[in-house]
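The values are calculated or read from the model by the stated rules, or taken from the named source; none is laboratory data. Here the structure is a predicted model, which is why all the values come from computation and not from measurement. For neighbour counting, all protein chains shown are included, and Cβ atoms are generated from backbone atoms with ideal geometry for every residue, glycine included.
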Amino acid sequence: MRYAVQAMIDIYSLADAFRPRHLIVDQNYFYQHSNRKNFARPSTTDMAPQHQTVPDVYGPGSYTDTSFTPVPEESARILSYIAEKTPGFNTSPDFLKQVKFQGQDLPLLPGPIKAQIFSAVCQGMIGLVSKEVCALRGIETGNVHVDTDLAALYPATVGLVTVDGQDWKAIQKNRVVQKAGVDVDKGVISKTPIRFRSWSIYPTKNGDEWFQLLSSLSPVDFLATFGLDADDPDVKTNDEAYEKIKSVTTTYSARELEHICIEKGYVGQTVLSPKAWRETSMGKALAKHPMINYKQVRGTEGLPRVPFSVNISDKRPLVGVKVVEFSRVIAGPAIGTYLSALGADVIRIQCPELPDLGFLSVTLQAGKRVASLDLRKPADREEVQGLLNDADVLVQGFRLRALERKGFGLADMAQLARQRNKGMVYVDINCYGPDGYYAERPGYQQIADCASGCSYINGLAYGLPEGTGVLPSLPIADMLTGAVGTLVTLLGIRDRAVKGGSYHAHVALTALDTWQLQPEVGLYPKDIVAKVQDTYKFEPMRPHHMVTDLLDIMVRAWEENSDVLKKEDRFVTFDTKYGKNHRILAPGFKFDAVEPSPRWTFGPVPNGGEKGLKWQAVA
């Protein structure tokens, strides 16, 4: 094997002799893909001094930095750390230095968790693998530029939108989404205050235990389980709704609430400390996997390499790549819309009978097309199969193995790949991880936040009693899952071009959270948390706040106390079916070269979609 690996390197070295210098792929890449641990490059992280932290400042299992490093410099440090822990990633220091981080020294997000850093690192890693793909297409990109302030805004994508001057709240109030397309949620969460507050964190009968309720997109049945009416006419405000639900949760322990949710197949999670999560069986199962988790599908090793499109006018890295997206809410759609910015042809399958949060379409359907198809109908299943027959990527964000029961699981796609003699990248997204006893449980970002310890840490950081949970300030795990899902897709597509085969990637919301709490990452000290608060004057964040409450707090603070939202180069504008002046957040990185940099060729499209969509020809 040693000689086979060396022979492979020698072959590529010989090829390099006849290749323009700017297209030579670093040999670290092939060490990373050789599966030979004894011949891997030495780890720069292993040789570096351990990051200095103090334990338990924000509760059991937390690790707080002993000093502060400005955001751009800290992003570069953590990029190196995450790169070392990522299978298939080029860890050459010279390669990593091609990411140029720039931005303010101080974080833009409240609390001690380095979510902004993680967002910036994800953008940089996406840029680096996009650069490798462009090199395989014969395209020079130059360096990767990441605005760390823009990276802080990335988790707020769904709220940083205007349509003809209307902000995200006015868009909802004026029913802009419903007027442009199909109403896919019909007020499933927003219809009444008690529905709205069925997505909050609640106290239990044990004072130091808190529990995240989450009625998902089925609040009527969920609330009825606890003797509550989702449309109770006597509950007229969100505060009244919270008190009504609290009067029920405080009659149960957190363990009892969790048991009910598991028994009924509902979403719900006890607020755990980082230490408590790591000690669970599920925490231990998840810890065995890297955060950026992908590998070649067994049995597809003999499938041929699939080269990228060359000599075409569009220089973005994923031009010619066909993506089918099965997903709802935020994480999965965030992957699809990022892939479309990188040039992929993305078709989202949207079932007209399944409720979704319709407002998200004004941001997370940029650059993609929507097919209205129901997998329960034979004709629609046949149409989906027709798309998959020529697809390169399948992204699925439903409960783990749900698509398997519909005939579109990993094994089904591996068989399809063998039949057509062309590999595929299959991306699974879930809450808890690829295996373990919670793997098939439903879950959302809020569940991951409470399981991992992020909500626990926030509660302590905001001066609340230990055990109290407060969600992170933005849908961070959701949007970072979107970024990591984009990254693993790029890695799989790149490897398919170099080695052949099919690839399976798994992105877990809870993994994104737990990796932010590792000792080598660290948390911000209390004085930095206070300094950020003094700068932006965020209103208090509390257990009853759900994502939209927190989004409102964040956007208002940025607007009133900074110019971070006033820089127009952080936004792009389209003429869409929603309005003539439709403004959304720009993609998260740029190359030196303009042509291969990510961009959308058209803006967000409405819900509803159509039938009979075909893959677009590449010119």
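Screening Leu416 against (1) closer than 20 Å to Val346 by Cβ; (2) without any contact (Cβ under 8 Å) to a residue 24 or more places away in the chain; (3) of a type outside the set (Phe, Trp, Tyr) leaves a single unmet condition, (2). One residue stands out in the stretch 351-372 among those that are within 26 Å of Leu551 (Cα to Cα) and outside any helix (DSSP H, G or I): the one that is modelled with the lowest pLDDT, namely Leu354.
Among Phe591, Phe571, Phe602, which is the only one that is among the aromatic types (Phe, Trp, Tyr), surrounded by fewer than 22 Cβ atoms within 10 Å (Cβ to Cβ) and either farther than 27 Å from Ala477 by Cβ or not assigned by TED's automatic domain parsing to the domain that holds Ala285 (or both)? Spell out the reasoning first.
Numbers: Phe591 fails: surrounded by fewer than 22 Cβ atoms within 10 Å (Cβ to Cβ); Phe571 fails: either farther than 27 Å from Ala477 by Cβ or not assigned by TED's automatic domain parsing to the domain that holds Ala285 (or both).
Result of the check over Phe591, Phe571, Phe602: Phe602.
With respect to the conditions (1) farther than 22 Å from Phe538 by Cα; (2) touching a residue at least 60 places away in the same chain (Cβ under 8 Å); (3) assigned to a helix (DSSP H, G or I); (4) not β-branched (Val, Ile, Thr), Tyr154 falls short on a single one, namely (1).
Residues that are within 29 Å of Met125 (Cα to Cα), under 20 Å from the mean Cα position of the chain (by Cα) and in contact (Cβ under 8 Å) with a residue 60 or more places away in the chain number at least 2 in the following helices (runs of 4 or more DSSP H) confined to the stretch 502-617: 509-516, 547-561. Residues in the stretch 170-216 that are assigned to a loop (DSSP other than H, G, I, E, B), under 25 Å from the mean Cα position of the chain (by Cα) and surrounded by 18 or more Cβ atoms within 10 Å (Cβ to Cβ): Val184, Asp185, Val188, Ile189, Ser200, Ser215, Ser216.
A quick yes/no check of all residues on (1) in contact with a strand residue (DSSP E or B) (Cβ under 8 Å, 6 or more places away or on another chain); (2) at pLDDT below 95; (3) buried (at least 18 other Cβ atoms within 10 Å of the Cβ):
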residue: Ile335; (1), (2), (3): yes, no, yes
residue: Leu339; (1), (2), (3): yes, no, yes
residue: Ile349; (1), (2), (3): yes, no, yes
residue: Asp374; (1), (2), (3): no, yes, no
residue: Asp392; (1), (2), (3): yes, no, yes
residue: Gly407; (1), (2), (3): no, yes, no
residue: Asp412; (1), (2), (3): no, no, no
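Taking the stretch 228-239 as the range and being over 16 Å from Ser215 (Cβ atoms) and under 33 Å from the mean Cα position of the chain (by Cα) as the test, the residues that pass are Thr237, Asp239.
Assigned to a helix (DSSP H, G or I) and farther than 23 Å from Asn607 by Cα: does that describe Ala411? When the stated conditions are applied, Ala411 passes them.
If a residue must be in contact (Cβ under 8 Å) with a residue 24 or more places away in the chain and assigned to a helix (DSSP H, G or I), how many such residues does the stretch 381-408 contain?
In the first step, residues of the stretch 381-408 are kept if they are in contact (Cβ under 8 Å) with a residue 24 or more places away in the chain; the result is 381, 383-384, 387-401, 403, 406-408.
Filter once more, keeping what is assigned to a helix (DSSP H, G or I): 381, 383-384, 387-388, 406.
Total meeting the criteria: 6.
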